[in-house]
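Chemist: Got a structure here, written out as structure tokens. Questions coming.
The values are calculated or read from the model by the stated rules, or taken from the named source; none is laboratory data. Everything quoted here is computed from the prediction, not taken from an experiment. Using ideal geometry, Cβ is built from the backbone for each residue, glycine included, and neighbour counts are taken over all protein chains shown. Just so you know, the surface numbers come from the protein's heavy atoms only, side chains and all, with ligands and any DNA or RNA stripped out. Shrake-Rupley method; radii C 1.70, N 1.55, O 1.52, S 1.80 Å.
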Amino acid sequence: MGRKSKISEEMKKSAERQLKESQKQIDYDTKDFTVELIIDKFARGDFFIPLYQRNFIWKPKNKTLFIESVLLGLPIPFMFFGNCEDGRVEVIDGAQRLQTLVAFRNGELKLKGLEKLDKLNGFSFNDLPEAQQRKFLNRVLRIVVLEENTSDEVRQDLFNRINTTGMKANDSEVRRGSLLGPFTTFIEECTNNTLFQSLCPISVKNVDRHERFEFILRFFAYVNNYKSFVHDVNTFLDGYLKQNLDSFDQHNGKVEFERMLEFVSQYFPHGFAKTATAKSTPRVRFEAISVGTALALRENPNLTVQNVDWLYSDDFKRHTTSDASNNQGKLRGRIEYVRDQLLRG
């Protein structure tokens, strides 16, 4: 028989103190707002969506099903807002629902694909009978509003928990949304680099889900610490972002990032993409080229090369078509392959 774990009285008291202290950090109220009031307050700027929220990514089907639920009077999951010092209220969770309500009210969304209310397919808000318009605007949604004294850390933790347990956001979105600081802001600024955007095509869908942020975080994490990577990408990236949140050398990082881009632009015919017409860039290919190039330039800042014919070799294909990004050997192999090929000239 295994030994039972013993919880001492002191351990219980310590746990109780921690619980009480943490519970004091969360003070909230529950309010009922009509759809009309929510839309009006958002239009006036009283309700706002903070920078750490994701872009609007609901598919048309999600939007129309949500509107159908409101029209039917079905219970809607709580939204989470937070009071701010300036009197405004930030939307912690519920941005997509709020923006869908606004789009429907403003005539920017037509219903389609409905099965329950199939006779409304093709309708916009103004096509509804006036009585139904009023009923829609008078529907009440329940909002949990965190008090003003709730710290940013607690609000971001709430965002993280909702989007993790609810499976709404991918790992990159949760990381970007919950780990705020100068380094996160710096990476976000790097995503706007026009040369990076032209060299690294990414689908509209993945741009909306912050794939550019993911690529650039991977670049800095791997170029500075790839030898410490073991096997779990998300743990590695989370750890690197947390460790450098307030201490990352933005000046040198920007110089190295831009120098790498200029080199790729000069010597790689299609940038990070496979072809001139590619609409997307594989992560492993970007990692190999960007990090390998930066490492080569660290060794030889005046590096020039005659050609990059090895891009079309079986060796490079083998290194960059594997999905084994969680494998330390594979990651190191593709990065150092590019570095070594470039240093050979």
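Chemist: Take the conditions in contact with a Pro (Cβ under 8 Å, 6 or more places away or on another chain), surrounded by 14 or more Cβ atoms within 10 Å (Cβ to Cβ) and either farther than 23 Å from PHE196 by Cα or polar (S, T, N, Q) (or both) and apply them to THR320. Does it pass?
Modeler: Considered against the rule, which asks whether it is in contact with a Pro (Cβ under 8 Å, 6 or more places away or on another chain), surrounded by 14 or more Cβ atoms within 10 Å (Cβ to Cβ) and either farther than 23 Å from PHE196 by Cα or polar (S, T, N, Q) (or both), THR320 comes out as yes.
Chemist: If you check every pair at least six apart or on different chains, which have Cβ atoms under 9 Å apart with a residue in the range 271-293 that is without any contact (Cβ under 8 Å) to a residue 12 or more places away in the chain first and a residue that is open to solvent by 10 Å² or more (accessible area, probe 1.4 Å) and of a type in the set (Lys, Arg) second?
Modeler: Between residues of the range 271-293 that are without any contact (Cβ under 8 Å) to a residue 12 or more places away in the chain and residues that are open to solvent by 10 Å² or more (accessible area, probe 1.4 Å) and of a type in the set (Lys, Arg), the close pairs are LYS274/ARG285.
Chemist: For the range 45-145, please list each of the helices (runs of 4 or more DSSP H) lying entirely inside it that holds at least 3 residues being aliphatic (A, V, I, L, M) and buried (at least 16 other Cβ atoms within 10 Å of the Cβ).
Modeler: 60-72, 95-105
Chemist: Also: Given the condition out of contact with any Asp or Glu (no Cβ under 7 Å at 6 or more places or on another chain), hydroxyl-bearing (Ser, Thr, Tyr) and not in a helix (DSSP H, G or I), answer yes or no: does some residue in the range 278-288 qualify?
Modeler: yes
Chemist: Just to verify a result, which residue in the range 1-44, among those that are over 26 Å from VAL144 (Cβ atoms) and part of a loop (DSSP other than H, G, I, E, B), is modelled with the lowest pLDDT?
Modeler: If we take residues in the range 1-44 being over 26 Å from VAL144 (Cβ atoms) and part of a loop (DSSP other than H, G, I, E, B), then MET1 is modelled with the lowest pLDDT.
Chemist: To continue, here is another question. Can you name the number of the only condition in (1) modelled with pLDDT under 90; (2) under 30 Å from GLY181 (Cα atoms); (3) β-branched (Val, Ile, Thr) that THR320 fails?
Modeler: So the condition that THR320 fails would be (2).
Chemist: Just one of the numbered conditions (1) touching a Gly at 6+ places or on another chain (Cβ under 7 Å); (2) surrounded by fewer than 15 Cβ atoms within 10 Å (Cβ to Cβ) is not true of ALA276; which one?
Modeler: It is condition (1) that ALA276 fails.
Chemist: Do we find that GLN243 is in contact with a helix residue (DSSP H, G or I) (Cβ under 6 Å, 6 or more places away or on another chain) and open to solvent by 30 Å² or more (accessible area, probe 1.4 Å) in this structure?
Modeler: no
Chemist: Enumerate the helices (runs of 4 or more DSSP H) found wholly within the range 146-262, keeping only those where 3 or more residues are modelled with pLDDT of 80 or more.
Modeler: 182-190, 194-199, 204-208, 211-225, 233-244
Chemist: Say we look at the range 193-214 and pick out the residues that are of a type outside the set (Gly, Ala, Ser) and more than 15 Å from the chain's Cα centre (by Cα); which of these is most open to solvent (accessible area, probe 1.4 Å)?
Modeler: Among them, the one singled out is THR194.
Chemist: Right, another one. Quick check on LEU245: is it farther than 24 Å from ASN327 by Cα and aliphatic (A, V, I, L, M)?
Modeler: In short, yes.
Chemist: While we're looking at this one, here's another question. Can you spot a residue in the range 65-87 that is over 14 Å from LEU141 (Cβ atoms), among the small types (Gly, Ala, Ser) and out of contact with any His (no Cβ under 7 Å at 6 or more places or on another chain)?
Modeler: Here is the first cut: in the range 65-87, the residues over 14 Å from LEU141 (Cβ atoms) are 65, 68, 82-87.
Next cut, among the small types (Gly, Ala, Ser) only: 82, 87.
Checking the rest, the ones that are also out of contact with any His (no Cβ under 7 Å at 6 or more places or on another chain) come to 82, 87.
Scanning the range 65-87 turns up at least one residue that is over 14 Å from LEU141 (Cβ atoms), among the small types (Gly, Ala, Ser) and out of contact with any His (no Cβ under 7 Å at 6 or more places or on another chain).
Chemist: In the range 97-116, which residues are within 21 Å of VAL140 (Cβ to Cβ) and at pLDDT below 90?
Modeler: Scanning the range 97-116 gives a single hit, LYS116.
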